[in-house]
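Here's the structure, in structure tokens; my notes come after.
What follows draws every value from the coordinates through simple rules; no lab data is involved. Keep in mind that this is a model prediction, so the values were computed, not measured. Counting neighbours? That spans all protein chains shown, and the Cβs are built from the backbone with ideal geometry, glycine included.
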Amino acid sequence: MSDFRLTQQAALKGCTRLVSRAIMLEALPEGHVIQVLGKPGDPHLTARLEAMSDGSPHAVRAAGPGQCFIVGDRTKTHAELADLSASLQPEAFGVDQSAGRVRIRAAGPMVEPMLAKGTAVDLSLSNFPVGHATTALIGHIAAHLTRTGDDTFEIMVLRGFAQSLWDDLARMSAEFLED
């Protein structure tokens, strides 16, 4: 047996919140991210998942045909994850992605122009209303974007790309941080 011990630390440890009147970037708590894989076209899947979520707005996000994410700020215990997985079956399956994905909030009146510097997705409120989600590139990094408010987005990325995405978002926000 080794004396080596793993130490868990936040992927964006040391990244301080960036705030101005025009833009705000912040790392969100590394709570839970569960990817749910179900039958494409199942009209009841989202309603079932919402009942299993923590109840916060936009806790269930579309991720593709028959796929959703359930997200939240609180870490789920092994028992909670097992119960959630068991309650999904046999119609769907849950995969815990909590240790592998990081969420970042981008908000403010200039959030759309800021994000437009890095993605080709039309994120205008009329085209991408509150509650909509998509997977897109931000620069060279694949990310999952969800509009959680009129001027607020949550960006989810694989843990290994979190620091690089944060740096890119900070650069894209620079002109809006000068108050």
Inter-label distance for ARG159 and GLN67, nm, one decimal - labels placed 7 Å from Cα along Cα-to-Cβ: 1.9 nm
Theoretical ellipticity at 222 nm over the chain - DSSP helices of four or more residues, -39500 (n - 2.57) apiece, nearest 500: -6000 deg cm²/dmol
Fully extended contour minus Cα-Cα distance, from SER126 to THR77, at 0.36 nm per residue: 13.8 nm
Theoretical FRET efficiency, 1/(1+(r/R0)^6), r = Cβ-Cβ of GLN8 and HIS140, R0 22 Å, to 0.05: 0.20
Amide H contacts of LEU28 (H built 1.01 Å from N, under 5 Å, at least 5 apart or other chain): ARG103, ILE104, ARG105
Computed magnitude of the charge dipole of the chain (debye, nearest 20; Cβ of K, R +1, Cβ of D, E -1): 260 debye
Cut-off under 5 Å, modelled amide H: who pairs with GLY149 long-range: GLY131
Spin-label pair PHE93/ASP42, simplified geometry with 7 Å Cα→Cβ offset, distance in nm: 1.2 nm
